[in-house]
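S.K.: Before anything else, here's the structure in question.
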Amino acid sequence: MKLPSLNIQILVAAVVGVVVGLYFHSLGADNSLVKGGLYASGLIGTLFIDLLKMILIPLVFCSIAVGIANLRQHQQMHRVWVSTLVFFAFTTTIAVGLGLLASNYFKPGAGMQIAMFADAMGEFKTQQLPLPEFFAQFLHGLFMNPFQALANGNVLAVVIFALILGVALVMGGERYKNILVLLQEGLEITMRIVSWVMVLAPLGIAALLIKLVATQDAAMLGTMAKFMTVVIGTLLLHGIVILPLLLFLITGKTPLWFWRGARESLVTAFATSSSSATLPVTMRCSVQHLHVKPEIAGFVVPLGATINMDGTALYEAAAALFIANLVGIDLNLTQQMIVFVTAMIAAVGAPGIPSAGMVTMVMVLQSVGLPAEAIAILLPIDRLLDTLRTTVNVQGDMIGSLVVQKLVSKT
Ligand code: ASP
């Protein structure tokens, strides 16, 4: 019997995951079937993420170093750099703007009182990290002993070292030909392993979604419904209208074409809530399905997975205004501008792992004097919203690679 295509399997798995998760939720946590089911789905889901993470660091390392070396050979390096950074900054700005506009208009949290959440906040301790320190720590984390960065899975530091190595390879020219060939073959072989891991993707995705849906606290969701609706609505606006529109205007590619090529990665991002874990799949979609040249995708996509997070930036801005409403503070224009800037920085600094946005959120709140402890209120709904914001984050990276390819080929 011939199995349906991987794309179809992944979509079916996502639906099955949500339906079974809802069923488990209705049975209650004490049911023995639910207990066994959650244990199994937890195990399978974690193993799937472990497999993706296993291949992540070799992939990022080889793809960036090879990407840079190839770009330079084509004399395109400067244009790729500039268009990538401009595109990332532009789309993140739109995302934060949307988050702020929607929150000002719908005012989620207005009329509710933070006292309602006293219990949640009481037990919560945040790490105080004011903006200048956050910035210093961020810069400090960029340059590390490469072996330590590789061993600890520090993606951003690996990206930076691979960039430097790529430049050194080019400068050395013929002298380091063998190292370049080694890295090129390393990239090829890691992509081969990614395609093996993807065979397990339907199972992993179903398992992750079962666990996520079954363990949600329904009462909490009711209280936060308005805020969640605003965030989800704005994320969808950005992901379904703004980004595809930009793609269409710049490259002429339709949203349907994009969805067909990108869905493996979008669904994986949704289920794993991790841009980093999804990165191997995102690379595969960009190169194999969306036909972005490997040297462009190899640079734009891994960089995007670490610094380009539209969904996270949008969420952080909206959440800051939500908390301000709860505390009963009206943020003026200047304060909102501060939220704007810090939300952008926070999104750049957030690693691509589940709930990373929650950690950097503290900085956004503190920048305008909001109580950092208030993120305790957001924690119960965070994993749920993380699914969609990670999907938008990853979508931005793939669209970025297509746009950059187009911009570079024009000139
Ligand atoms: N989970 C997100 C990502 O990996 C980051 C976040 O917003 O928490 O892209």
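The values are calculated or read from the model by the stated rules, or taken from the named source; none is laboratory data. Computed from a predicted model, the values in this text were never measured in an experiment. Backbone-built Cβ (ideal geometry, glycine too); neighbour counts: all protein chains shown. We work out accessible area using only protein heavy atoms, side chains counted, and drop any ligands, DNA or RNA first. Shrake-Rupley method; radii C 1.70, N 1.55, O 1.52, S 1.80 Å.
S.K.: Where the convex hull is taken over the Cα atoms of the stretch 363-403, what is its projected area averaged over directions, in nm²?
M.R.: For the stretch 363-403, the mean projected area of the Cα convex hull comes to 3.9 nm².
S.K.: Moving on to the next point. Alpha carbon centre of the stretch 206-231 versus the stretch 9-43: separation in Å?
M.R.: 14 Å
S.K.: Once you wrap a convex hull around the alpha carbon atoms of the chain, what is its projected area averaged over all directions, in nm²?
M.R.: Averaging across all directions leaves 21.2 nm² for the Cα convex hull.
S.K.: Considering the convex hull of the alpha carbon atoms of the stretch 301-387, report its projected area averaged over all viewing directions, in nm², one decimal.
M.R.: 5.1 nm²
S.K.: Work out how far the C-alpha atoms of the stretch 148-210 reach from end to end along every principal axis, then list the three figures in whole Å, largest first.
M.R.: Largest first, the stretch 148-210 extends 51, 23, 15 Å along its Cα principal axes.
S.K.: Another one. Using a 1.4 angstrom probe on the protein heavy atoms only, line up Asp217, Asp330, Asp397 by accessible area, largest first.
M.R.: Asp330, Asp217, Asp397
S.K.: Another question, then. Out of Leu27, Leu247, Leu385, any idea which swings most in a Gaussian network model of the chain, alpha carbons joined below 10 Å?
M.R.: Leu27
S.K.: Does the stretch 171-241 classify as rounded, prolate or oblate by the C-alpha gyration tensor (a ≥ b ≥ c root eigenvalues; a/c under 1.5 gives rounded; else a/b over b/c gives prolate, otherwise oblate)?
M.R.: prolate
S.K.: Using only the Cα atoms, what convex hull volume per residue in Å³ does the stretch 2-91 have?
M.R.: Hull volume normalised by residue count: 191 Å³.
S.K.: Same structure, new question: Please give the calculated 222 nm ellipticity per residue for the chain, where each DSSP H segment of at least 4 residues contributes -39500 (n - 2.57) and the sum is spread over every residue; nearest 500 deg cm²/dmol?
M.R.: -26500 deg cm²/dmol
S.K.: Over all alpha-carbon pairs in the stretch 311-352, figure out the percentage whose distance exceeds 15 Å.
M.R.: 39 percent
S.K.: Can you give me the pair-distance distribution of the stretch 234-281, C-alpha pairs, 5 Å bins, whole percents?
M.R.: 5, 21, 23, 24, 21, 7, 0
S.K.: Based on Cα coordinates alone, diagonalise the gyration tensor for the stretch 260-411, multiply each eigenvalue by 5, take square roots, and list the semi-axes in whole Å, largest first.
M.R.: Taking √(5λ) for each eigenvalue gives 32, 17, 10 Å, largest first.
S.K.: Mind checking which of Gly17, Gly311, Gly172 has the largest fluctuation in a GNM of the chain, springs on alpha carbons under 10 Å?
M.R.: Gly172
S.K.: Please give the peptides 386-395, 204-213 ranked by average Cβ packing (other Cβ atoms within 10 Å per residue), highest first, as a rough proxy for protection.
M.R.: The packing order, highest mean first, is 386-395, 204-213.
S.K.: For the stretch 281-342, what is the largest minus smallest coordinate of the Cα atoms on each principal axis, given in angstrom and ordered from greatest to least?
M.R.: So the extents along the principal axes, rounded to whole Å, are 50, 19, 15.
S.K.: In straight Cα distance, which lysines are under 25 Å from Lys406, not counting same-chain residues fewer than 8 positions off?
M.R.: Lys253, Lys293
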